[in-house]
Amino acid sequence: AQAVHAPHVVVLTSPGVGHVAPVVELATRLAAHHGVTTTIVTYGSLSSPAHSPSLASLPAGTISTAALPAVAVDDLPSDAHIVTRILTVVHRSLPHLRALLRSLLASSPAGVTAFLADMLCPAALAVAEDLGVPRYVFYPSSLMSLCTLLYTPELARTTSCECRDLPGPVVLPGCLPLHGADLVEPVQERANPVYELLVQLGLDYLRCDGFIVNTFDALEHETFEAFKELSDKGVYAPAYAVGPLVRSPVSSSDVAASGHRCMTWLDAQPDGSVLYVCFGSGGTLSAVQTDELAAGLEASGQRFLWVARVPNDMDNCASYFGGEEDGDDTLGYLPEGFLERTKAVGLVVPEWAPQVEILGHRAVGGFVSHCGWNSALETMAAGVPVLAWPLFAEQRMNAVKLGSEGLGLALRVTAREEDGVVPRDEVAMAARELMVGEKGAVARRKARELQEKARKASVPGGPAHRALAAVVDMWKCAAASPAVAAGA
Ligand code: UDP
């Protein structure tokens with residue numbers, strides 16, 4: 001019976017725009033190009049950020065959504081790591097997921113052809129395994145960062161110091177050598193309970209039949225080659241490069257019509273003259289760092305468009321789940337007189353701006369970025385060079401990848417040793433170097449080359465399309481096999 005129905009996949013996504021947006025893009029492409037219907041499953045416990053891509057406005061009929069009922073996590077200490085919170089919700093929600101998958105298996109015409117868990121939910125693969133459903137990891141960051149997470153159990157077993165104190169770099173097959181301090185931020189402190197959770201995450205990935213990765217071969221060719229060797233030997237399931245999964249910009253006038261004055265402001269600026277500053281969907285800076293950034297932008301003499309957030313001294317991902325209730329639209333936390341003094345060259349937007357459209361605007365010539373992977377792919381798609389300012393998660397590793405040791409489209413800001421703050425002089429100098437300096441010109445050339453490579457990866461019938469088609473073919477074959485029919 002299954003063969004006559006469109007394949008149906010269930011994708012479980014952890015919260016955060018950076019996780020939900022690529023899932024939405026994946027589901028959209030599965031529907032548009034591969035005749036696959038998708039149910040996107042979210043966690044009711046973790047409030048989705050205010051600017052999460054609207055799950056309500058997805059095309060009816062091909063993409064559905066379901067939210068798992070909320071589970072309590074109020075027994076966790078108040079200072080528990082954000083990843084501890086997310087992974088605890090993931091674990092406690094497993095019974096709800098089982099019930100949902102059972103009901104979809106029974107009610108959906110095609111059953112469940114495949115189950116996909118995003119990077120933070122591989123614990124859920126066990127449920128699909130029990131129910132006999134083929135299972136995949138949807139990984140919304142680089143293959144290199146996936147390799148480092150797969151390595152976490154070995155890191156824990158073979159070392160005893162903090163990873164920043166490792167005597168030499170971590171060298172994984174086909175990956176750039178990484179300093180321990182550039183590994184993902186939750187493994188930086190062994191005593192924190194999140195460390196063990198990441199070790200378990202690395203083990204849970206081993207339950208999947210394949211990794212669907214939001215990247216493209218030209219970005220990580222050596223990494224793919226090395227990964228293929230390992231998967232041919234049966235060490236890991238195979239990886240498929242289905243990216244870049246980035247949405248296309250909507251027209252500037254449509255964005256302006258929706259009330260975003262930054263597009264009309266950009267229209268009035270010269271080509272390539274504006275430095276866009278944004279730390280992802282939830283990145284925040286301390287009060288001191290906010291002052292230094294403001295002073296540095298002012299001193300740089302460059303035009304800028306800054307998506308600013310209420311400072312937070314405790315946490316640099318404070319607004320990841322929407323954070324401060326309503327933000328502070330008056331920007332009262334900026335240095336006295338800053339807005340007035342810079343109004344001829346700068347625009348500060350509170351909380352949120354239409355990033356894909358901004359990066360695609362001809363006036364934008366550089367991007368101060370926290371190097372979240374979606375931001376990295378979006379800047380490549382737009383051909384805009386980066387000033388890398390990583391904050392948390394795998395962003396330091398992404399900054400290495402984008403920087404001179406890797407792809408070469410990013411320069412890097414240097415923080416002070418003593419307090420980790422990037423001082424104003426450094427901000428000003430780095431901003432000028434990116435926008436009008438020689439190193440910036442080299443990075444810009446690299447960014448344009450990558451833009452062309454990203455375009456080639458995305459053309460109709462190109463590598464991203466073929467990789468996804470190969471995955472869909474596997475799902476169809478598995479659906480036709482008796483093992484799944486029995487399990488289902
Ligand atoms: N984003 C945006 N406007 C903003 C901030 C972020 O549109 O003001 C989007 C950005 O385009 C990207 C996503 O939010 O698609 C952020 O994902 P990323 O992986 O870069 O960082 P994260 O938010 O996960 O730290």
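All of the numbers you see were taken from the coordinates with simple rules; none came from a lab. These figures come from a predicted structure and were not determined experimentally. Here the Cβ is made from the backbone with ideal geometry for all residues, glycine too, and neighbour counts use every protein chain on show.
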> Can you give the charge dipole size of region 171-316 about its Cα centre, rounded to the nearest 20 debye, using +1 on the beta carbon of Lys and Arg and -1 on the beta carbon of Asp and Glu?
Replying inline: 300 debye
> All other residues with a Cβ under 12 Å from the Cβ of Leu76 taken together, and with Lys, Arg as +1 and Asp, Glu as -1, what is their net charge?
Replying inline: -1
> Among Cys121, Ser64, Val288, which residue has its Cα positioned farthest towards the positive end of the charge dipole of the chain, with +1 placed on the Cβ of Lys and Arg, -1 on the Cβ of Asp and Glu, and the dipole taken about the Cα centre?
Replying inline: Ser64
> On full extension of the chain, what length is gained from Ala181 through Asp313, given 0.36 nm per residue of separation minus the C-alpha to C-alpha distance?
Replying inline: 45.4 nm
>> Sort Asp425, Asp182 by Cβ crowding within 10 Å, fewest neighbours at the top.
In response: Asp425, Asp182
>> Helix 193-204 against the longest principal axis of the chain: what's the angle in degrees, Cα atoms only, rounded to the nearest 10?
In response: 50 degrees
> So how do Glu185, Glu196 line up by other beta-carbon neighbours within 10 Å, fewest first?
Replying inline: Glu196, Glu185
> Taking the Cβ-Cβ separation of Thr264 and Leu206 as r and a Förster radius of 60 Å, what is the calculated FRET efficiency to the nearest 0.05?
Replying inline: 0.70
> Given 0.36 nm per residue, what is the gain on full extension from Asp271 to Arg98 after removing their alpha carbon distance, in nm?
Replying inline: 57.0 nm
> What FRET efficiency comes out for the pair Arg466/Ala60, r = Cβ-Cβ distance, R0 = 30 Å, nearest 0.05?
Replying inline: 0.60
> Put a dot 7 Å past each Cα toward the Cβ at Ala70 and Ala415; how far apart are the dots in nm?
Replying inline: 3.3 nm
> Using the reciprocal of the averaged 1/r over all distinct C-alpha pairs, how large is the Kirkwood radius of region 104-162 in Å?
Replying inline: 13.5 Å
> Kirkwood hydrodynamic radius for the chain: how many Å is it when counted over pairs of different Cα atoms?
Replying inline: 23.2 Å
> What spacing in nm lies between the two simple spin-label points modelled at Thr159 and Lys343, each 7 Å away from Cα in the Cβ direction?
Replying inline: 5.2 nm
>> Can you tell me which lysines have their Cα less than 30 Å from the Cα of Lys228? Leave out same-chain residues fewer than eight positions away.
In response: Lys401, Lys446, Lys453, Lys456, Lys476
>> Suppose only helical runs count, i.e. DSSP H with n ≥ 4. What mean residue ellipticity at 222 nm does that imply for the chain under -39500 (n - 2.57) per run, divided by all residues and rounded to the nearest 500 deg cm²/dmol?
In response: -12500 deg cm²/dmol
> Given 0.36 nm per residue, what is the gain on full extension from Ser251 to Glu426 after removing their alpha carbon distance, in nm?
Replying inline: 59.5 nm
> When a footprinting reagent is the concern and you count Cβ atoms within 10 Å, what order do Arg424, Arg455 take, fewest first?
Replying inline: Arg455, Arg424
> So how strong a dipole does region 313-413 carry about its Cα centre when Lys and Arg Cβ are +1 and Asp and Glu Cβ are -1, to the nearest 20 debye?
Replying inline: 740 debye
>> Angle check, please: helix 82-92 long axis (alpha carbons) against the longest principal axis of the chain (alpha carbons), in degrees 0 to 90, nearest 10.
In response: 20 degrees
> Out of every Cα pair in region 223-334, what percent are spaced more than 23 Å from each other?
Replying inline: 53 percent
> Translational D (Stokes-Einstein, µm²/s) of region 86-227 at 25 °C and 0.890 mPa s when Rh comes from the Kirkwood sum over C-alpha pairs?
Replying inline: 150 µm²/s
> Along the Cα-to-Cβ line of Val235, 7 Å from the Cα, sits a label point; which residues in region 168-208 have backbone N less than 18 Å from it?
Replying inline: 169-178, 202-208
> So how do 140-152, 284-296, 212-224 stack up, highest first, on mean other-Cβ count within 10 Å?
Replying inline: 140-152, 212-224, 284-296
>> Under a crude label model (7 Å from the Cα following the beta-carbon direction), how far is Ser404 from Ser108 in nanometres?
In response: 4.9 nm
> ³J(HN,Hα) across region 283-297 via Karplus (A = 6.51, B = -1.76, C = 1.60, θ = phi - 60°), whole Hz, x for Gly/Pro?
Replying inline: x, 10, 10, 6, 4, 4, 5, 5, 4, 5, 5, 4, 4, x, 4
>> Quick check for me: using +1 on Lys/Arg Cβ and -1 on Asp/Glu Cβ, what's the dipole size of the chain about its Cα centre, in debye to the nearest 20?
In response: 1640 debye
